[in-house]
Amino acid sequence: MSLAEDFARVSRFGAGEGGAVDRQAATAADGDQRRWLCERLAGAGARIVVDPIGNIFGLFTWTDGADWVMCGSHLDSQPNGGRYDGAYGVVAALNAAEELDARVRSGNLTPVRNLVVVDWTNEEGARFQPSVMGSSVHCGFLALEDALGSTDASGVTLRQALSGIGFLGNEEFTGTAVRYAEIHVEQGDRMEREELDVAAVSANWAAGKYDIRITGEQGHTGSTPMVQRRDALVGLARIVAAIDDFARHHDEQFHASATDVVTFPHSPNVVTSVAAAHIELRSAELGTVLRAEEWFEEMLSTVADAYGLEIEVVQRSARGSRAFWPEGIELTRSVAQSLGFTVGELCTIAGHDAVIVARTMPTVLIFVPSCGGHAHSPREYTLPSDLEKGLVTLTGVLAELTAGY
């Protein structure tokens, strides 16, 4: 099989209109693509391990007792998402592993480390929260039971959902992993603008994430006087507008958003009594996020007082900015240049499993261009030639890592 053939096959799972896919974590579509991946890995000679959070590991064992290099990404998607986000990284890892396995068997590569291809569970955090769940559990940053107890909008737990698709595993990957590599589409337009074939990721942006709940008072939309209304939706509207205005008047190194809005009750003739939303503040510097958080909390208090509302931050999480492995950046640059590619360095604004794993071992994150910068959208697209350039770069990096780099 080739990269193009494998990617075309994966793109059929959960396919929708206009190039969209919808294969959220532990759905039927996710189960179908997981079974396909296991079949492909087994056909390539890998031993399959599915751990208790549903992470899939395909083990290529070349040297008994050796340490491991991990390589992968995620197959789950956003609702009405794009085909390339995550899936490209898993398919590229699989194809690179097959190529290296052939080199080992032909005597053209003498590894001192083994290789494992991984599909991390629920990177997106669309159906179950938090995001980057599988890698966080594996790396010890999230308790397994907390992750499995996470519920979707219908009250189904991740444990139930994984069991339903046959991927609630009972075996751990017990090898000693000492290097991790991931390749991903950029999800921005910087590489296009700078005319880069490949980018080595040097660091990740910091992020603050908040779930807020606004409580007002239910009333009749017709007869309740305006001065008596405590409309939770009006409060949320003021908050969303303030966040957007704050971000737009900041510099380009700060992004903010409000998503996942839920209101109660759902009637056209009733003043909203409860509104909830997810808020994100992102910047290249954690200090900027923390200062924005101070502004955010003051703004919430101001809105609450102005409209007679109760506003609560019911959950918050923070992710700091962290530099990636310097030697891995240089390795990516060296391999890409040896292949004749134009290579640069970028920070990643979006989160990835690599950001989590980098807290535990030297990690390489490689980007290929996204046409027009579209992401989390059916308009996601990367040229086939760029996908191939990324694959051969990844293969070269993995060859060095398995050889002891």
Open item on the list: The conditions are (1) surrounded by fewer than 19 Cβ atoms within 10 Å (Cβ to Cβ); (2) assigned to a helix (DSSP H, G or I); (3) touching a Leu at 6+ places or on another chain (Cβ under 9 Å), and Ser301 fails exactly one of them. Which is it?
Closed with: (3)
Task: Given (1) in a helix (DSSP H, G or I); (2) polar (S, T, N, Q); (3) buried (at least 18 other Cβ atoms within 10 Å of the Cβ), index of the condition Thr382 fails - done: (1)
- [ ] Could you list all residues from segment 59-118 that are polar (S, T, N, Q) and either within 30 Å of Val21 (Cα to Cα) or part of a strand (DSSP E or B) (or both)?
- [x] Ser73, Ser77, Gln78, Asn80, Asn95, Asn114
Task: The listed residue being over 16 Å from the mean Cα position of the chain (by Cα), touching a residue at least 24 places away in the same chain (Cβ under 8 Å) and surrounded by 24 or more Cβ atoms within 10 Å (Cβ to Cβ), out of Gly58, Gly16, Gly45 - done: Gly58
Open item on the list: Of the conditions (1) in contact with a Gly (Cβ under 9 Å, 6 or more places away or on another chain); (2) of a type in the set (Asp, Glu); (3) open to solvent by 10 Å² or more (accessible area, probe 1.4 Å), Glu99 satisfies every one except a single condition; which number is it?
Closed with: (1)
- [ ] Inspect segment 126-137 for any residue being in a strand (DSSP E or B), farther than 28 Å from Phe296 by Cβ and within 20 Å of the chain's Cα centre (by Cα) and give the result as yes or no.
- [x] no
- [ ] Answer with yes or no whether Ile243 is part of a strand (DSSP E or B), surrounded by 14 or more Cβ atoms within 10 Å (Cβ to Cβ), hydrophobic (A, V, I, L, M, F, W, C) and touching a residue at least 40 places away in the same chain (Cβ under 8 Å).
- [x] no
Open item on the list: Just to verify a result, which residue in segment 155-214, among those that are assigned to a strand (DSSP E or B) and of a type in the set (Lys, Arg), is surrounded by the most Cβ atoms within 10 Å (Cβ to Cβ)?
Closed with: Arg179
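The values are calculated or read from the model by the stated rules, or taken from the named source; none is laboratory data. Here the structure is a predicted model, which is why all the values come from computation and not from measurement. A quick note on method: Cβ atoms are made from the backbone with ideal geometry, for glycine too, and the neighbour counts reach across all protein chains shown. Just so you know, the surface numbers come from the protein's heavy atoms only, side chains and all, with ligands and any DNA or RNA stripped out. Shrake-Rupley method; radii C 1.70, N 1.55, O 1.52, S 1.80 Å.
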